[in-house]
Amino acid sequence: MEGGGGIPLETLTEESQSRHVLPASFEAKSLQKSNWGFFLTGLVGGTLVAVYAVATPFITPALRKVCLPFVPATTKQIENVVKMLQCRRGSLVDIGSGDGRIVIAAAKEGFTAVGYELNPWLVWYSRYRAWREGVHGSAKFYISDLWKVTFSQYSNVVIFGVPQMMLQLEKKLELELANDARVIACRFPFPHWTPDHVTGEGIDTVWAYDASTFRGREKRP
């Protein structure tokens, strides 16, 4: 059958269809670009999730009303803490234990030592360090907010604090600790307590407070 001008209808149909058929190479390139798009989207999305998972435990404490940032203890600070623990016995707790170096050092001195830390990455790393140092049996680490922990069972308390939290922590420890307990403060002293011992200088200064002393001060007229 023929249309106008004597051109067969079949020929017109085939030519029309051929104009709408894309080359195979063009389709392959389009598919390849689409696959790369999906890959890049997944890669960027996965990277963002990983960054969020790693960074959140470090950023979240900074958003709290009282922030206890992670600043690793120096070798001299650790030595001064250990010096303040001489002739001491009983259990020990490090409030905001960071990467665990104080707890591990105390465990090596024979203490049953516990660290409380809000950052889970630091807790897991501390547990690994304790295992590597061979003191995982006497050095334990827990993920916890220090304000939700009761410290009455500890004879020795170590704190690397900041000025904004020391007054509030002072009141908490006064209520919870036994009379034979000792509190060791690093970097910043407590505002109202009088230290029984002081060692070091500058950022390495360490103050030791015996509960019997600051409780005795409270009882004086």
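The values are calculated or read from the model by the stated rules, or taken from the named source; none is laboratory data. Since the model is a prediction, treat every value here as computed from it, not as a measurement. Cβ: placed from backbone, ideal geometry, glycine included. Neighbour counts: every protein chain shown. Side chains included, ligands, DNA and RNA excluded: accessible areas come from the protein's heavy atoms. Shrake-Rupley method; radii C 1.70, N 1.55, O 1.52, S 1.80 Å.
Within region 100-110, the set of residues being surrounded by fewer than 21 Cβ atoms within 10 Å (Cβ to Cβ) and not small (Gly, Ala, Ser) comprises Lys108, Glu109. Among the conditions (1) at pLDDT 95 or above; (2) part of a loop (DSSP other than H, G, I, E, B), the only one that Cys87 does not satisfy is (1). From the list Tyr128, Tyr142, the lone residue that is open to solvent by 60 Å² or more (accessible area, probe 1.4 Å) and assigned to a helix (DSSP H, G or I) is Tyr128. Scanning region 165-212 for residues that are part of a helix (DSSP H, G or I) and without any contact (Cβ under 8 Å) to a residue 12 or more places away in the chain gives Lys171, Leu175, Gly202.
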